[in-house]
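Student: Before I ask anything, let me first share the structure, which is written out below as structure tokens.
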Amino acid sequence: MATVNGYQGNTQVTTPAASKQSAPPSKTVDTQSVLKRLQSELMALMMGGDSGISAFPEEDNIFCWKGTITGSKDTVFEGTEYRLSLSFPNDYPFKPPKVKFETGCFHPNVDVYGNICLDILQVIFQPPYLFLFSQ
């Protein structure tokens, strides 16, 4: 008699491999909710009307953005445009995006490679400190 779905007739058949407990399934990230969240934040950024800040996804990947920040008027940064790259993790907003200045930037919280060095973006990041809506 053939074994089908672990049963031979009405009797459950156990094999050494089947009797071992399988590892619990790993947590799956709801990618659709992350996509929806990023699309919502992109739309809010575009509709926000702040002329000094912009960011858009790279080609077809909504998890990788290119952004710009323009230096404020009446400061030494006026007329300077800083380019940034942003990489959002699959479990955003519970993990922070990786942000890197592509344009050289002299700032105590930015290293020589353009990496932002703030604990709030690494160790103690929490959803209330969201990337675009922390105002």
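The values are calculated or read from the model by the stated rules, or taken from the named source; none is laboratory data. Remember, predicted model here, so these are calculated numbers, not experimental data. Quick reminder, even Gly has a Cβ in these numbers, built from the backbone with ideal geometry, and neighbours come from all protein chains shown. The area values use the complete protein model at the heavy-atom level, side chains included, leaving out ligands, DNA and RNA. Shrake-Rupley method; radii C 1.70, N 1.55, O 1.52, S 1.80 Å.
Student: Rounded to whole Hz and in sequence order, give me ³J(HN,Hα) for the range 36-46 from the Karplus expression 6.51 cos²θ - 1.76 cosθ + 1.60, θ = phi - 60°, writing x for Gly and Pro.
Tutor: These are the phi-based 3J(HN,Hα) values: 4, 5, 5, 5, 5, 5, 5, 5, 5, 5, 5 Hz.
Student: Right, another one. Return the distance in nm (one decimal) between the two label points of a simple spin-label model at I53 and V76, each offset 7 Å from Cα along Cα→Cβ.
Tutor: Placing both labels 7 Å along Cα→Cβ, they lie 2.4 nm apart.
Student: Looking only at Cα atoms, what is the convex hull volume of the range 59-102 per residue, in Å³?
Tutor: Expressed per residue, the convex hull around the Cα atoms of the range 59-102 is 87 Å³.
Student: Considering only protein heavy atoms and a probe of 1.4 Å, how much of the accessible area of the range 28-94 is carbon and sulfur, as a whole percent?
Tutor: Using a 1.4 Å probe with all protein chains present, the range 28-94 comes out at 54 percent carbon and sulfur.
Student: Could you list which residues have their amide H under 5 Å from that of T80, counting only those 5 or more apart in sequence or on another chain, with H placed in the peptide plane?
Tutor: Counting only residues 5 or more places away or on other chains, the set is G71.
Student: If you take the square roots of the eigenvalues of the alpha-carbon gyration tensor of the range 31-125 and sort them as a ≥ b ≥ c, do you get rounded (a/c under 1.5), prolate (a/b over b/c) or oblate?
Tutor: Note, shape of the range 31-125 comes out oblate.
Student: Here is a follow-up. Report the full-extension gain for the segment N61 to K98: residue separation times 0.36 nm, less the Cα-Cα distance, to one decimal in nm.
Tutor: 11.8 nm
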